[in-house]
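These notes concern the structure reproduced below.
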Amino acid sequence: MRVAIGADEAAFDLKEILKAHLAQKGVEVEDYGAFDKSPVLYPDIAVKVAEAIAAGKHERGILMCGTGLGMAITANKVPGIRAATCHDTYSAERARKSNDAQILTMGARVIGPELAKTIVDAWLKSEFEGGGSTRKVERIAEYEKKLRRSTRSES
Ligand code: RB5
């Protein structure tokens, strides 16, 4: 599995810890920054990772900031992306099984590194379960198309 990872300065240390954790598990990781603790605009990192996933370059992405929220809000603006903020293992598992979320976001100011590793493991090993969830996820894509069209025609 190819995983893209990104963080702002608030989550730089957590990103480095998770990169080492994933490498130890044999997961192929590409780092989209930040590459040090200098302040960055988290939307810039979120869009790079989300666009790479939407283009099929990676199967999954992990984004981190102080809360995980700004990363999720931004990544979800990229068409086709489903990003979920998860700070517990049950949500991480459901984000894959029910929502087919390709991106996991977490907040380095919300949880510690050991919990973050457990959440990443739960999320990586879970797959979309299909069944009744398929129609629901398809519906999200339908609304995305419809809302994009109506926004374009208003401008
Ligand atoms: C710091 O820029 C903080 O706003 C950011 O890390 C994140 O928590 C935003 O959602």
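Of Ile5, Leu41, Gly26, which is farthest along the charge dipole of segment 1-61 in the positive direction, counting Lys and Arg as +1 and Asp and Glu as -1 at C-beta?
Gly26
Relative to the Cα centre, what is the charge dipole magnitude of segment 55-109, using +1 at the beta carbon of each Lys and Arg, -1 at the beta carbon of each Asp and Glu, and rounding to the nearest 20 debye?
Dipole magnitude for segment 55-109 comes out near 100 debye.
Counting only DSSP beta bridges with both residues in the chain, tell me the antiparallel percent, nearest 5.
Antiparallel: roughly 0 percent of the beta bridges in the chain.
With charges only on Cβ, +1 for K and R and -1 for D and E, what is the dipole size of segment 1-154 about its Cα centre, in debye, rounded to 20?
Result for segment 1-154 is approximately 620 debye, rounded to the nearest 20.
Looking at Ser126, Gly68, Ile17, which one has the Cα that reaches farthest to the positive end of the dipole of the chain (charges on Cβ: Lys, Arg +1; Asp, Glu -1)?
Towards the positive end, the residue furthest out is Ser126.
What is the distance, in nm, between label points placed 7 Å from the Cα along the Cα-to-Cβ direction at Arg149 and at Ala20?
It works out to 5.1 nm between the two label points.
Among rounded, prolate and oblate, which fits the chain when a ≥ b ≥ c are the square roots of the eigenvalues of its C-alpha gyration tensor, a/c under 1.5 means rounded, and a/b larger than b/c means prolate?
oblate
For the chain, set up a Gaussian network in which alpha carbons nearer than 10 Å are linked by springs, and say which option among Gly66, Gly112, Gly80 fluctuates the most.
Gly112
Suppose only helical runs count, i.e. DSSP H with n ≥ 4. What mean residue ellipticity at 222 nm does that imply for the chain under -39500 (n - 2.57) per run, divided by all residues and rounded to the nearest 500 deg cm²/dmol?
Helix contribution divided over all residues of the chain: -16000 deg cm²/dmol.
Any idea of the accessible area per residue across the chain, 1.4 Å probe, to the nearest Å²? Can you show the working numbers first?
Numbers: 8100 Å² over 155 residues.
With all protein chains present, the chain gives 52 Å² per residue.
Using only Cα atoms, find the angle between the long axis of helix 42-54 and the longest principal axis of the chain, and express it within 0 to 90 degrees, rounded to the nearest 10.
60 degrees
Using a 1.4 angstrom probe on the protein heavy atoms only, could you order Arg149, Arg96, Arg82 from most to least accessible area?
From most exposed to least exposed: Arg149, Arg82, Arg96.
Eigenvalues of the Cα gyration tensor times 5, then square-rooted: what semi-axes does that give for segment 1-75, in whole angstrom, largest first?
On the way: eigenvalues 63, 48, 16 Å².
They are 18, 15, 9 Å, listed from largest to smallest.
Quick one: length gained pulling Glu30 to Ala55 fully straight, 0.36 nm per residue minus the C-alpha distance?
Using 0.36 nm per residue and subtracting the Cα-Cα distance, I get 7.5 nm.
The values are calculated or read from the model by the stated rules, or taken from the named source; none is laboratory data. On a predicted model such as this, the values are computed, not experimentally measured, just so you know. Using ideal geometry, Cβ is built from the backbone for each residue, glycine included, and neighbour counts are taken over all protein chains shown. These accessible areas exclude ligands, DNA and RNA; they are computed on the full protein's heavy atoms, side chains included. Shrake-Rupley method; radii C 1.70, N 1.55, O 1.52, S 1.80 Å.
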